[in-house]
1. Restricting to segment 178-209, name every residue that is closer than 20 Å to Gly138 by Cβ, in contact with a Phe, Trp or Tyr (Cβ under 6 Å, 6 or more places away or on another chain) and open to solvent by 10 Å² or more (accessible area, probe 1.4 Å).
2. List pairs: first in segment 237-264 and assigned by TED's automatic domain parsing to the domain that holds Gly31, second within 12 Å of the ligand (Cβ to nearest atom), Cβ under 7 Å, 6+ apart or cross-chain?
3. Show me the helices (runs of 4 or more DSSP H) entirely contained within segment 272-370 in which 3 or more residues are over 19 Å from Ser52 (Cα atoms), modelled with pLDDT of 95 or more and open to solvent by 20 Å² or more (accessible area, probe 1.4 Å).
4. Name the residue, out of Ala50, Ala14, that is among the small types (Gly, Ala, Ser) and open to solvent by 80 Å² or more (accessible area, probe 1.4 Å).
5. Checking the conditions here, which among Ala97, Ala73, Ala131, Ala122 is within 16 Å of the ligand (Cβ to nearest atom) and among the small types (Gly, Ala, Ser)?
6. For segment 38-67, which residues satisfy the criterion of being within 16 Å of the ligand (Cβ to nearest atom) and either assigned to a loop (DSSP other than H, G, I, E, B) or small (Gly, Ala, Ser) (or both)?
7. Restricting to segment 1-37, count the residues that are assigned to a strand (DSSP E or B) and more than 28 Å from the chain's Cα centre (by Cα).
8. Among Val65, Val24, Val34, which is touching a helix residue (DSSP H, G or I) at 6+ places or on another chain (Cβ under 6 Å) and open to solvent by less than 60 Å² (accessible area, probe 1.4 Å)?
Amino acid sequence: MSSTRQLQERFAAALMSNYGLPPVAVRRGEGCRVWDVDGRPYLDLIGGIAVSTLGHAHPDLVEAVRAQVATLAHISNLSLHEPEVRLAERILGLLGADGRVFFANSGTEANEAALKLVRRHAGPERGYVVAARESFHGRTLGSLAVTGRDAIRDPFGPFGRPVRFVPYGVPEALVEAVTPECAGVILEPFQGEAGIVEPPDGYLRTAREVCDATGAVLVFDEVQSGIGRTGNWFYHQHAGVVPDVLTLAKGLGGGLPIGACVGLGRFGSTFAKGDHGSTFGGNPVSCAAALAVLEVIERDGLLAHVGKLGEWLLERVTRLELPLVAEVRGRGLWLALALREAVAGQVEEAARRAGFLVNAVRPDVVRISPPLILTYEEAQSFVDALPTLLDRR
Ligand code: PLP
(Lines give C-alpha, C1' and ligand atoms only; values in the text may rest on other atoms or scores of the structure.)
Protein backbone atom coordinates (compact mmCIF):
# COMPACT_ATOMS: atom_id res chain seq x y z
CA MET A 1 0.00 0.00 0.00
CA SER A 2 1.23 3.53 -0.78
CA SER A 3 2.29 6.01 1.88
CA THR A 4 1.02 9.59 1.95
CA ARG A 5 4.18 10.81 0.25
CA GLN A 6 4.00 8.23 -2.53
CA LEU A 7 0.34 8.98 -3.16
CA GLN A 8 1.03 12.71 -3.23
CA GLU A 9 3.68 12.21 -5.89
CA ARG A 10 1.33 10.12 -8.00
CA PHE A 11 -1.51 12.63 -7.39
CA ALA A 12 0.68 15.51 -8.56
CA ALA A 13 1.63 13.62 -11.71
CA ALA A 14 -1.86 12.40 -12.63
CA LEU A 15 -4.35 15.03 -11.39
CA MET A 16 -4.73 18.67 -12.38
CA SER A 17 -3.31 21.30 -10.05
CA ASN A 18 -6.61 23.03 -9.24
CA TYR A 19 -6.66 21.71 -5.64
CA GLY A 20 -2.95 22.18 -5.05
CA LEU A 21 -1.46 19.21 -3.26
CA PRO A 22 -3.78 18.00 -0.45
CA PRO A 23 -1.79 17.38 2.74
CA VAL A 24 -3.67 14.29 3.93
CA ALA A 25 -4.36 11.04 2.06
CA VAL A 26 -7.41 9.57 3.78
CA ARG A 27 -8.02 5.85 3.57
CA ARG A 28 -11.13 5.28 5.65
CA GLY A 29 -13.52 6.80 8.13
CA GLU A 30 -15.84 5.75 10.90
CA GLY A 31 -18.14 8.10 12.80
CA CYS A 32 -16.32 11.44 13.17
CA ARG A 33 -12.87 9.91 12.72
CA VAL A 34 -10.79 9.27 9.64
CA TRP A 35 -7.46 7.49 9.23
CA ASP A 36 -4.81 8.39 6.70
CA VAL A 37 -2.94 5.86 4.61
CA ASP A 38 -0.11 5.82 7.16
CA GLY A 39 -2.59 4.81 9.87
CA ARG A 40 -2.72 8.20 11.62
CA PRO A 41 -6.18 9.06 13.09
CA TYR A 42 -7.87 12.47 12.88
CA LEU A 43 -11.04 13.90 14.35
CA ASP A 44 -12.81 15.16 11.24
CA LEU A 45 -14.14 18.61 12.08
CA ILE A 46 -14.61 19.54 8.42
CA GLY A 47 -16.96 16.72 7.46
CA GLY A 48 -16.04 16.88 3.77
CA ILE A 49 -16.95 20.62 3.87
CA ALA A 50 -20.34 20.29 5.56
CA VAL A 51 -21.22 17.13 3.65
CA SER A 52 -20.73 14.11 5.90
CA THR A 53 -23.87 14.81 7.92
CA LEU A 54 -23.90 11.38 9.54
CA GLY A 55 -20.14 11.05 9.73
CA HIS A 56 -18.33 8.24 7.95
CA ALA A 57 -19.65 4.76 7.24
CA HIS A 58 -22.87 5.35 9.18
CA PRO A 59 -24.66 1.97 9.23
CA ASP A 60 -28.02 3.41 8.08
CA LEU A 61 -26.41 5.20 5.15
CA VAL A 62 -24.34 2.16 4.22
CA GLU A 63 -27.38 -0.10 4.26
CA ALA A 64 -29.57 2.34 2.28
CA VAL A 65 -26.92 2.68 -0.44
CA ARG A 66 -26.13 -1.04 -0.46
CA ALA A 67 -29.79 -2.02 -0.80
CA GLN A 68 -30.47 0.55 -3.52
CA VAL A 69 -27.40 -0.21 -5.62
CA ALA A 70 -28.33 -3.88 -5.45
CA THR A 71 -31.84 -3.06 -6.67
CA LEU A 72 -31.49 -0.24 -9.19
CA ALA A 73 -28.43 2.02 -9.48
CA HIS A 74 -29.42 4.13 -12.45
CA ILE A 75 -32.25 4.52 -14.92
CA SER A 76 -32.00 8.17 -16.21
CA ASN A 77 -34.87 10.61 -16.39
CA LEU A 78 -36.51 8.67 -19.20
CA SER A 79 -38.10 6.66 -16.40
CA LEU A 80 -39.17 7.64 -12.91
CA HIS A 81 -38.36 5.81 -9.72
CA GLU A 82 -39.80 5.81 -6.22
CA PRO A 83 -36.74 7.08 -4.28
CA GLU A 84 -36.79 10.41 -6.18
CA VAL A 85 -40.53 10.82 -5.63
CA ARG A 86 -40.23 10.03 -1.94
CA LEU A 87 -37.27 12.37 -1.51
CA ALA A 88 -39.01 15.28 -3.26
CA GLU A 89 -42.10 14.73 -1.09
CA ARG A 90 -39.92 14.56 2.02
CA ILE A 91 -38.08 17.82 1.24
CA LEU A 92 -41.37 19.62 0.58
CA GLY A 93 -42.68 18.19 3.85
CA LEU A 94 -39.67 19.61 5.73
CA LEU A 95 -40.34 22.98 4.14
CA GLY A 96 -44.04 22.72 4.99
CA ALA A 97 -44.75 24.21 1.58
CA ASP A 98 -46.20 23.44 -1.79
CA GLY A 99 -43.73 23.33 -4.59
CA ARG A 100 -41.72 21.07 -6.84
CA VAL A 101 -38.18 19.79 -6.87
CA PHE A 102 -35.51 19.33 -9.54
CA PHE A 103 -32.63 17.03 -8.62
CA ALA A 104 -29.05 17.66 -9.71
CA ASN A 105 -25.69 16.22 -8.61
CA SER A 106 -24.02 19.12 -6.82
CA GLY A 107 -24.45 22.56 -5.37
CA THR A 108 -23.33 24.42 -8.44
CA GLU A 109 -25.78 22.48 -10.60
CA ALA A 110 -28.62 23.17 -8.17
CA ASN A 111 -27.78 26.87 -8.59
CA GLU A 112 -27.58 26.58 -12.39
CA ALA A 113 -31.14 25.23 -12.29
CA ALA A 114 -32.21 28.10 -10.04
CA LEU A 115 -30.62 30.71 -12.32
CA LYS A 116 -32.30 29.21 -15.38
CA LEU A 117 -35.58 29.17 -13.50
CA VAL A 118 -35.15 32.86 -12.66
CA ARG A 119 -34.46 33.67 -16.30
CA ARG A 120 -37.42 31.61 -17.50
CA HIS A 121 -39.74 33.28 -15.01
CA ALA A 122 -38.52 36.82 -15.52
CA GLY A 123 -38.36 36.90 -19.31
CA PRO A 124 -36.03 39.06 -21.42
CA GLU A 125 -37.10 42.49 -20.10
CA ARG A 126 -35.64 41.94 -16.69
CA GLY A 127 -32.01 42.11 -17.62
CA TYR A 128 -29.89 41.57 -14.49
CA VAL A 129 -29.65 39.64 -11.25
CA VAL A 130 -28.43 40.79 -7.87
CA ALA A 131 -25.92 38.84 -5.80
CA ALA A 132 -23.76 39.52 -2.76
CA ARG A 133 -20.09 40.36 -2.54
CA GLU A 134 -17.99 37.58 -1.03
CA SER A 135 -20.74 35.06 -1.86
CA PHE A 136 -19.96 31.59 -3.17
CA HIS A 137 -22.40 29.75 -5.43
CA GLY A 138 -20.20 27.31 -7.34
CA ARG A 139 -17.67 26.89 -10.11
CA THR A 140 -19.73 26.35 -13.26
CA LEU A 141 -20.11 29.43 -15.42
CA GLY A 142 -23.63 30.44 -14.35
CA SER A 143 -23.00 30.00 -10.63
CA LEU A 144 -19.57 31.54 -10.95
CA ALA A 145 -21.07 34.62 -12.59
CA VAL A 146 -23.06 35.32 -9.39
CA THR A 147 -20.18 34.44 -7.06
CA GLY A 148 -18.95 37.60 -5.40
CA ARG A 149 -15.28 36.74 -5.08
CA ASP A 150 -13.34 38.56 -7.77
CA ALA A 151 -10.24 36.39 -7.58
CA ILE A 152 -12.05 33.18 -8.50
CA ARG A 153 -14.62 34.77 -10.84
CA ASP A 154 -12.81 37.36 -12.92
CA PRO A 155 -10.29 35.07 -14.68
CA PHE A 156 -13.21 33.24 -16.31
CA GLY A 157 -15.37 36.17 -17.44
CA PRO A 158 -17.00 37.79 -19.24
CA PHE A 159 -20.27 36.00 -18.46
CA GLY A 160 -23.77 36.26 -19.93
CA ARG A 161 -26.22 38.65 -18.35
CA PRO A 162 -25.12 41.42 -15.99
CA VAL A 163 -24.87 40.84 -12.26
CA ARG A 164 -25.03 43.65 -9.70
CA PHE A 165 -23.07 42.84 -6.59
CA VAL A 166 -24.12 44.38 -3.30
CA PRO A 167 -22.35 44.29 0.06
CA TYR A 168 -23.75 41.42 2.12
CA GLY A 169 -25.92 42.24 5.12
CA VAL A 170 -26.68 45.84 4.10
CA PRO A 171 -30.45 46.16 3.55
CA GLU A 172 -30.23 49.64 1.98
CA ALA A 173 -27.93 48.31 -0.74
CA LEU A 174 -30.48 45.63 -1.66
CA VAL A 175 -33.32 48.12 -1.76
CA GLU A 176 -31.32 50.30 -4.12
CA ALA A 177 -30.16 47.50 -6.40
CA VAL A 178 -33.42 45.57 -6.81
CA THR A 179 -35.72 47.36 -9.27
CA PRO A 180 -38.56 46.23 -11.56
CA GLU A 181 -35.85 45.48 -14.17
CA CYS A 182 -34.20 42.95 -11.86
CA ALA A 183 -34.89 39.28 -12.64
CA GLY A 184 -33.86 37.82 -9.31
CA VAL A 185 -31.78 38.00 -6.17
CA ILE A 186 -29.54 35.12 -5.14
CA LEU A 187 -28.25 35.06 -1.58
CA GLU A 188 -26.77 32.62 0.86
CA PRO A 189 -29.06 33.38 3.81
CA PHE A 190 -25.96 32.72 5.94
CA GLN A 191 -22.62 32.94 4.11
CA GLY A 192 -20.26 29.98 4.35
CA GLU A 193 -17.16 30.41 2.21
CA ALA A 194 -17.06 34.09 3.18
CA GLY A 195 -16.08 32.87 6.65
CA ILE A 196 -19.36 31.87 8.40
CA VAL A 197 -21.12 35.23 8.23
CA GLU A 198 -24.65 35.52 9.57
CA PRO A 199 -26.60 38.54 8.29
CA PRO A 200 -28.03 41.07 10.72
CA ASP A 201 -31.62 40.64 11.92
CA GLY A 202 -34.12 41.84 9.37
CA TYR A 203 -31.80 41.52 6.34
CA LEU A 204 -33.53 38.50 4.83
CA ARG A 205 -36.92 40.07 5.50
CA THR A 206 -35.83 43.15 3.54
CA ALA A 207 -34.74 40.87 0.70
CA ARG A 208 -38.18 39.24 0.74
CA GLU A 209 -39.97 42.58 0.79
CA VAL A 210 -37.98 44.19 -2.00
CA CYS A 211 -38.50 41.13 -4.19
CA ASP A 212 -42.23 41.17 -3.46
CA ALA A 213 -42.39 44.87 -4.30
CA THR A 214 -40.49 44.58 -7.60
CA GLY A 215 -41.41 41.08 -8.79
CA ALA A 216 -37.81 39.80 -8.62
CA VAL A 217 -37.41 36.10 -7.77
CA LEU A 218 -35.77 35.45 -4.39
CA VAL A 219 -33.32 32.52 -4.40
CA PHE A 220 -31.76 31.24 -1.19
CA ASP A 221 -28.66 29.11 -1.67
CA GLU A 222 -28.65 26.75 1.32
CA VAL A 223 -26.17 24.36 -0.26
CA GLN A 224 -23.97 24.69 2.82
CA SER A 225 -26.32 26.07 5.50
CA GLY A 226 -29.14 23.56 4.91
CA ILE A 227 -29.91 20.06 6.23
CA GLY A 228 -29.50 20.61 9.93
CA ARG A 229 -26.17 22.45 9.85
CA THR A 230 -27.42 25.35 12.00
CA GLY A 231 -29.85 23.35 14.15
CA ASN A 232 -32.89 23.75 11.89
CA TRP A 233 -33.58 21.85 8.69
CA PHE A 234 -32.84 25.07 6.80
CA TYR A 235 -31.27 28.29 8.03
CA HIS A 236 -34.08 30.45 6.63
CA GLN A 237 -36.41 28.80 9.13
CA HIS A 238 -34.55 30.62 11.93
CA ALA A 239 -35.24 33.90 10.18
CA GLY A 240 -38.85 33.04 9.28
CA VAL A 241 -38.35 34.22 5.70
CA VAL A 242 -39.38 31.94 2.83
CA PRO A 243 -37.66 32.23 -0.57
CA ASP A 244 -39.20 31.55 -3.98
CA VAL A 245 -36.45 29.12 -4.88
CA LEU A 246 -34.22 27.13 -2.53
CA THR A 247 -31.06 25.25 -3.47
CA LEU A 248 -29.55 22.36 -1.51
CA ALA A 249 -26.69 19.89 -1.90
CA LYS A 250 -23.71 18.99 0.36
CA GLY A 251 -25.28 17.55 3.54
CA LEU A 252 -28.34 16.24 1.76
CA GLY A 253 -26.64 13.10 0.46
CA GLY A 254 -24.36 12.62 3.46
CA GLY A 255 -21.47 11.94 1.05
CA LEU A 256 -23.34 10.74 -2.03
CA PRO A 257 -23.57 13.41 -4.73
CA ILE A 258 -26.94 15.12 -4.97
CA GLY A 259 -28.25 18.65 -5.35
CA ALA A 260 -31.78 19.98 -5.32
CA CYS A 261 -33.48 23.08 -6.65
CA VAL A 262 -36.85 23.61 -5.01
CA GLY A 263 -39.36 25.96 -6.59
CA LEU A 264 -41.82 26.97 -3.90
CA GLY A 265 -45.47 27.65 -4.66
CA ARG A 266 -45.96 28.83 -8.24
CA PHE A 267 -42.18 28.71 -8.84
CA GLY A 268 -42.49 24.94 -8.84
CA SER A 269 -44.25 25.22 -12.19
CA THR A 270 -41.88 27.56 -14.02
CA PHE A 271 -40.03 24.89 -15.98
CA ALA A 272 -41.88 23.23 -18.81
CA LYS A 273 -40.94 19.97 -20.47
CA GLY A 274 -37.49 20.24 -22.05
CA ASP A 275 -36.38 23.30 -20.08
CA HIS A 276 -33.77 21.52 -17.99
CA GLY A 277 -32.32 18.12 -17.25
CA SER A 278 -29.50 15.93 -15.96
CA THR A 279 -28.62 12.34 -16.77
CA PHE A 280 -27.45 11.48 -13.27
CA GLY A 281 -29.47 14.06 -11.29
CA GLY A 282 -31.62 12.39 -8.64
CA ASN A 283 -30.26 8.94 -9.36
CA PRO A 284 -31.77 6.21 -7.17
CA VAL A 285 -28.65 5.63 -5.05
CA SER A 286 -28.16 9.29 -4.13
CA CYS A 287 -31.87 9.64 -3.40
CA ALA A 288 -31.81 6.56 -1.15
CA ALA A 289 -28.80 8.02 0.67
CA ALA A 290 -30.56 11.36 1.14
CA LEU A 291 -33.70 9.66 2.45
CA ALA A 292 -31.53 7.81 5.00
CA VAL A 293 -29.82 11.06 6.03
CA LEU A 294 -33.13 12.83 6.63
CA GLU A 295 -34.54 9.81 8.45
CA VAL A 296 -31.59 9.53 10.84
CA ILE A 297 -31.53 13.29 11.54
CA GLU A 298 -35.17 13.07 12.56
CA ARG A 299 -35.03 9.71 14.37
CA ASP A 300 -31.96 10.61 16.41
CA GLY A 301 -33.05 14.15 17.29
CA LEU A 302 -29.97 15.61 15.60
CA LEU A 303 -31.42 19.09 15.02
CA ALA A 304 -31.76 19.66 18.76
CA HIS A 305 -28.35 18.06 19.34
CA VAL A 306 -26.69 20.36 16.79
CA GLY A 307 -28.32 23.44 18.32
CA LYS A 308 -27.25 22.56 21.88
CA LEU A 309 -23.77 21.25 21.09
CA GLY A 310 -23.12 24.24 18.83
CA GLU A 311 -24.00 26.69 21.63
CA TRP A 312 -21.92 24.71 24.09
CA LEU A 313 -18.91 24.64 21.79
CA LEU A 314 -19.16 28.33 20.94
CA GLU A 315 -19.36 29.19 24.60
CA ARG A 316 -16.45 26.92 25.58
CA VAL A 317 -14.14 28.22 22.87
CA THR A 318 -15.09 31.84 23.62
CA ARG A 319 -14.38 31.24 27.31
CA LEU A 320 -10.81 30.18 26.51
CA GLU A 321 -10.12 33.85 25.68
CA LEU A 322 -7.38 32.88 23.26
CA PRO A 323 -5.16 35.88 22.44
CA LEU A 324 -5.03 35.02 18.72
CA VAL A 325 -8.81 34.74 18.41
CA ALA A 326 -10.71 37.97 17.80
CA GLU A 327 -14.15 36.35 17.59
CA VAL A 328 -15.83 32.97 17.76
CA ARG A 329 -18.98 33.00 15.64
CA GLY A 330 -21.49 30.80 13.89
CA ARG A 331 -24.51 28.70 14.68
CA GLY A 332 -25.06 25.02 15.27
CA LEU A 333 -22.15 22.91 14.07
CA TRP A 334 -20.92 25.61 11.73
CA LEU A 335 -18.43 27.73 13.59
CA ALA A 336 -15.54 30.04 12.79
CA LEU A 337 -12.57 31.32 14.70
CA ALA A 338 -11.81 34.78 13.35
CA LEU A 339 -8.10 35.36 13.98
CA ARG A 340 -6.27 38.61 14.67
CA GLU A 341 -3.62 37.67 12.10
CA ALA A 342 -3.75 36.03 8.67
CA VAL A 343 -2.38 32.71 9.97
CA ALA A 344 -5.38 30.40 9.44
CA GLY A 345 -3.30 28.13 7.19
CA GLN A 346 -0.74 27.64 9.95
CA VAL A 347 -3.49 26.94 12.46
CA GLU A 348 -4.99 24.37 10.10
CA GLU A 349 -1.59 22.69 9.86
CA ALA A 350 -1.00 22.77 13.62
CA ALA A 351 -4.45 21.27 14.16
CA ARG A 352 -3.63 18.52 11.70
CA ARG A 353 -0.42 17.70 13.54
CA ALA A 354 -2.50 17.48 16.73
CA GLY A 355 -4.98 15.10 15.03
CA PHE A 356 -7.82 17.48 14.06
CA LEU A 357 -9.03 18.34 10.57
CA VAL A 358 -10.17 21.97 10.41
CA ASN A 359 -10.26 24.37 7.48
CA ALA A 360 -8.63 27.73 6.80
CA VAL A 361 -11.63 29.09 4.91
CA ARG A 362 -10.07 32.56 4.75
CA PRO A 363 -6.52 33.71 5.48
CA ASP A 364 -7.70 34.85 8.92
CA VAL A 365 -10.65 32.52 9.54
CA VAL A 366 -10.67 28.88 10.62
CA ARG A 367 -13.91 26.99 9.98
CA ILE A 368 -15.33 23.84 11.46
CA SER A 369 -18.33 22.03 9.97
CA PRO A 370 -18.21 18.58 11.57
CA PRO A 371 -20.66 15.71 11.17
CA LEU A 372 -23.94 16.38 12.97
CA ILE A 373 -23.29 13.29 15.09
CA LEU A 374 -20.26 14.88 16.79
CA THR A 375 -20.31 14.01 20.50
CA TYR A 376 -19.65 16.27 23.49
CA GLU A 377 -16.53 14.22 24.27
CA GLU A 378 -15.17 14.74 20.76
CA ALA A 379 -15.94 18.45 20.91
CA GLN A 380 -14.29 18.66 24.35
CA SER A 381 -11.10 17.06 23.02
CA PHE A 382 -10.84 19.88 20.47
CA VAL A 383 -11.48 22.56 23.08
CA ASP A 384 -8.77 21.02 25.28
CA ALA A 385 -6.26 20.93 22.40
CA LEU A 386 -6.93 24.45 21.05
CA PRO A 387 -4.72 26.59 23.31
CA THR A 388 -1.64 24.44 22.71
CA LEU A 389 -2.13 24.02 18.99
CA LEU A 390 -2.62 27.76 18.53
CA ASP A 391 0.65 28.33 20.42
CA ARG A 392 2.45 25.79 18.26
CA ARG A 393 1.37 27.15 14.90
N1 PLP B 1 -23.29 27.17 -2.83
C2 PLP B 1 -22.70 27.27 -1.62
C3 PLP B 1 -23.30 28.16 -0.60
C4 PLP B 1 -21.53 26.55 -1.35
O5 PLP B 1 -20.95 26.68 -0.15
C6 PLP B 1 -21.00 25.72 -2.35
C7 PLP B 1 -19.76 24.95 -2.11
O8 PLP B 1 -19.01 25.23 -1.21
C9 PLP B 1 -21.65 25.64 -3.59
C10 PLP B 1 -22.79 26.37 -3.80
C11 PLP B 1 -21.11 24.76 -4.69
O12 PLP B 1 -21.36 23.42 -4.37
P13 PLP B 1 -20.61 22.25 -5.19
O14 PLP B 1 -19.17 22.31 -4.81
O15 PLP B 1 -21.30 21.01 -4.73
O16 PLP B 1 -20.83 22.51 -6.63
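The values are calculated or read from the model by the stated rules, or taken from the named source; none is laboratory data. No experiment lies behind these values; they were computed from the predicted model shown. No Cβ is skipped: glycine too gets one built from the backbone with ideal geometry, and neighbour counts run over all protein chains shown. Protein only, heavy atoms only, side chains kept; ligands, DNA and RNA dropped before computing areas. Shrake-Rupley method; radii C 1.70, N 1.55, O 1.52, S 1.80 Å.
1. Correct list: Glu193 only.
2. Listed by first residue and then by second, the contacts come to nothing, as the list is empty.
3. Working: elements: 284-299, 302-319, 344-353.
In segment 272-370, the matching helices (runs of 4 or more DSSP H) lie at 302-319, 344-353.
4. On the way: Ala50 fails: open to solvent by 80 Å² or more (accessible area, probe 1.4 Å).
One residue alone meets the criteria, Ala14.
5. Values: Ala97 fails: within 16 Å of the ligand (Cβ to nearest atom); Ala73 fails: within 16 Å of the ligand (Cβ to nearest atom); Ala122 fails: within 16 Å of the ligand (Cβ to nearest atom).
The conditions single out Ala131.
6. Ile46, Gly47, Gly48, Ala50, Val51, Ser52, Thr53
7. Filtering segment 1-37 down to residues assigned to a strand (DSSP E or B) leaves 26-31, 33-36.
The next check asks that each one be more than 28 Å from the chain's Cα centre (by Cα); those that pass are none.
Final tally of qualifying residues: 0.
8. Details: Val24 fails: touching a helix residue (DSSP H, G or I) at 6+ places or on another chain (Cβ under 6 Å); Val34 fails: touching a helix residue (DSSP H, G or I) at 6+ places or on another chain (Cβ under 6 Å).
Within the list Val65, Val24, Val34, the selection yields Val65.
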